[in-house]
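What follows is calculated from the coordinates using simple rules that are stated; it is not laboratory data. Quick caveat, the model's predicted, so the values are computed rather than measured. Here the Cβ positions follow ideal geometry from the backbone for every residue, glycine too, while neighbour counts run over all protein chains shown.
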Amino acid sequence: MNIEQYKLNEYNQSALKDHQRKFDFIAADIKSIEAILQKLINFQVAIPSWALGTGGTRFARFAGGGEPRSLEEKIEDIGLLHALNKSSGAISLHIPWDIPENAAHIKTLAAQHGLKFDAMNSNTFQDQPGQQHSYKFGSMQHVNKAIRKQAVEHNIEVIKYGVELGSKSLTVWLSDGSCFPGQLNFRKAFQNTLESLQEVYAALPGDWKIFVEYKAFEPNFYSTTVGDWGQSFLYANKLGNKAYTLVDLGHHLPNANIEQIVALLLMEGKLGGFHFNDSKYGDDDLTVGSIKPYQLFLIFNELVEGMDAKGMNHATGLGWMIDASHNVKDPLEDLLQSVEAIMITYAQALLVDRNKLNEAQNNNDVVTAQEILQQAFRTDVRALVAEARLRSGGALNPLAVYRSEKVRDNLIKERGSKTVATGL
Ligand SMILES: [Mn+2]
């Protein structure tokens, strides 16, 4: 389904007066308002093709109806999000869940919705029907060379699909590891994985990047072969200058200082991509900003500071993506909330007075340093984000339009109530 532009305009018109009052109030306090608005307009977050269906747990999955039945319908769903918020202009595909059978057609369809193809994602954490070897005991780390080879060839195939679509990066997340002490020789597992990644790296086109994603635990519960940022950083350094670490917010041990990890990876020029979500306990994959918004702000504060120190373009310097999924919300409403949380937090990080913070740090003025950060975090920037959306042709309030247009009901009418999105 499409939301007609005139409907958006009508809605925006009805909400304009209220918005203008709120925007004027905050704009009066910000010196570089136009520069900040432009950064917000430019910033785009990729939506993963697997987040459009209702998520599940290992216990159950409660489908919500109207879920996209094909890659085409997934692209339409992301197109709808992008039409509403103008900040979801990219899609990240998972292979083999979303194989583009006709790449030219898929590329054209995405372009019609103003979408680009962000990082491609490979999958060696599941066995697929007809697959020769099982990944039960790992893929790139496996003791059997034939199984490692199968994993390498799959990744090379994913790169080929990505080239056809105009993607420029491959994200490798390995579930490899062990569930019990003694199961694995850590050194050999690392070396096998490195060797496998080197073969994939050799197949990367010249203008591509490879992102090595780490995760502390799950599905393996004793060791993970790319378990933390140190291990990912080791692989990325050994692979070469096209290899980077990818940080997924949910992939750390409890209470990890993620903002410090981000700062150091940026310093080393090895932060490549980012997966947004939120969590209370582990890899909960909850809506961005729903549990620990201050932590998200502190991370964005380091991202902005570190990218500025390197002269990086905030919008294009790193791969930005949502990686979330859960079982009790309409996935599209959830994605609107997640993107909104990202934009709000990015805007707050842009408001941090860097010169004053630097001065406070140099004077060991701990109190002022905290005041500066919290001043930005406690500023209600929602009207700034809405103004950026308005200027881009999006909705002042995407969620309100989504609900008033009864998008989910329409999708259920179009697609049926028993549809199941591929890959879940
Ligand atoms: Mn992830």
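Within the stretch 257-353, the chymotrypsin sites (Phe, Trp or Tyr not before Pro) that combine a DSSP coil assignment with at most 12 other C-beta atoms in a 10 angstrom radius are TYR281.
Distance between the C-alpha centres of the stretch 176-225 and the stretch 369-405: 39 Å, rounded to the whole angstrom.
Computing FRET efficiency as 1/(1 + (r/R0)^6) for GLN112 and LYS17, where r is the C-beta to C-beta distance and R0 is 41 Å, gives about 0.75.
A simple spin-label model places the labels of ASN255 and ASN410 4.9 nm from each other, with each point 7 Å out along Cα-to-Cβ. Positive end of the dipole of the stretch 146-266 (Cβ unit charges, origin at the Cα centre): among LEU194, HIS154, HIS252, the Cα lying farthest that way belongs to LEU194.
If the chain linking ASN185 and GLN361 were pulled fully straight, counting 0.36 nm for each residue of separation and taking away their Cα-Cα distance, it would gain 58.9 nm.
Counting only C-alpha contacts under 8 Å and six or more residues apart, can you give the relative contact order of the stretch 264-313 as a whole percent?
On the way: 28 pairs, mean separation 15.0, N = 50.
Relative contact order of the stretch 264-313: 30 percent.
Charge tally around TYR214: other residues with Cβ under 9 Å, Lys/Arg +1 each, Asp/Glu -1 each, net -2.
With R₀ set to 25 Å, the beta-carbon distance separating LYS280 from ARG378 gives a calculated FRET efficiency near 0.65.
What is the dipole size for the stretch 45-353, taken about its Cα centre, with +1 at each Lys and Arg Cβ and -1 at each Asp and Glu Cβ, in debye to the nearest 20?
Numbers: 24 positive and 35 negative charges, 185 e Å.
With only Lys, Arg, Asp and Glu charged at Cβ, the dipole is about 880 debye.
Once both labels are positioned 7 Å from their Cα atoms along Cα-to-Cβ, the gap between GLU153 and LYS7 label points is 4.8 nm. A simple spin-label model places the labels of ASN42 and GLU72 3.6 nm from each other, with each point 7 Å out along Cα-to-Cβ. In percent, rounded to a whole number, the relative contact order of the stretch 45-353 is 17, using alpha-carbon pairs under 8 Å and six or more apart. Taking 0.36 nm per intervening residue step and subtracting the Cα-Cα distance, what contour gain separates GLU199 from LYS418 on full extension? Between GLU199 and LYS418, full extension yields 74.7 nm more. Straight distance only, please: which lysines reach the Cα of LYS329 with their own Cα at less than 28 Å, same-chain residues fewer than 8 apart left out? Leaving aside lysines fewer than 8 places away in the same chain, those within reach of LYS329 are LYS7, LYS74, LYS86, LYS116, LYS215, LYS280, LYS292, LYS406, LYS413, LYS418. On the basis of the beta-carbon distance and an R0 of 41 Å, LYS145 and TYR294 show a calculated FRET efficiency of 0.30. The string of couplings for the stretch 184-195 from the Karplus curve (6.51, -1.76, 1.60, θ = phi - 60°) is 9, 8, 4, 5, 5, 4, 4, 5, 4, 5, 4, 4 Hz, one whole number per residue in order, with x for Gly and Pro.
What fraction of the DSSP beta bridges in the chain is antiparallel, stated in percent and rounded to the nearest 5? Here the share of antiparallel DSSP bridges comes out near 15 percent. Backbone phi angles across the stretch 47-64, fed through the Karplus curve with coefficients 6.51, -1.76 and 1.60 (θ = phi - 60°), yield HN-Hα couplings of 9, x, 5, 8, 8, 8, x, 5, x, x, 10, 6, 8, 6, 9, 10, 5, x Hz in residue order; Gly and Pro are listed as x. In straight-distance terms, cross-link reach from LYS145 covers every one of the lysines whose alpha-carbon lies under 19 Å from its own, apart from those fewer than eight places away in the same chain; here that gives LYS136, LYS188.
With a cut-off of at most 12 other beta carbons within 10 Å, and DSSP calling the residue loop, which trypsin sites (Lys or Arg not before Pro) in the stretch 55-145 qualify? Please list them.
Working: sites: ARG58, ARG61, ARG69, LYS74, LYS86, LYS107, LYS116, LYS136, LYS145; in loops: ARG58, ARG69, LYS86, LYS136.
Listed in order of number, the matching sites are ARG58, LYS136.
When a/c is below 1.5 the answer is rounded, else prolate if a/b is larger than b/c, else oblate, so apply that to the stretch 45-353 with a ≥ b ≥ c taken from the square roots of the Cα gyration tensor eigenvalues. Here the stretch 45-353 falls in the rounded category.
Summing +1 for each Lys or Arg and -1 for each Asp or Glu among the other residues whose beta-carbon sits under 10 angstrom from that of ILE322 gives -3.
For GLY66, nonlocal amide neighbours, meaning residues 5 or more places apart or on other chains whose placed amide H falls under 5 Å from its own, are GLY416, SER417, LYS418, THR419.
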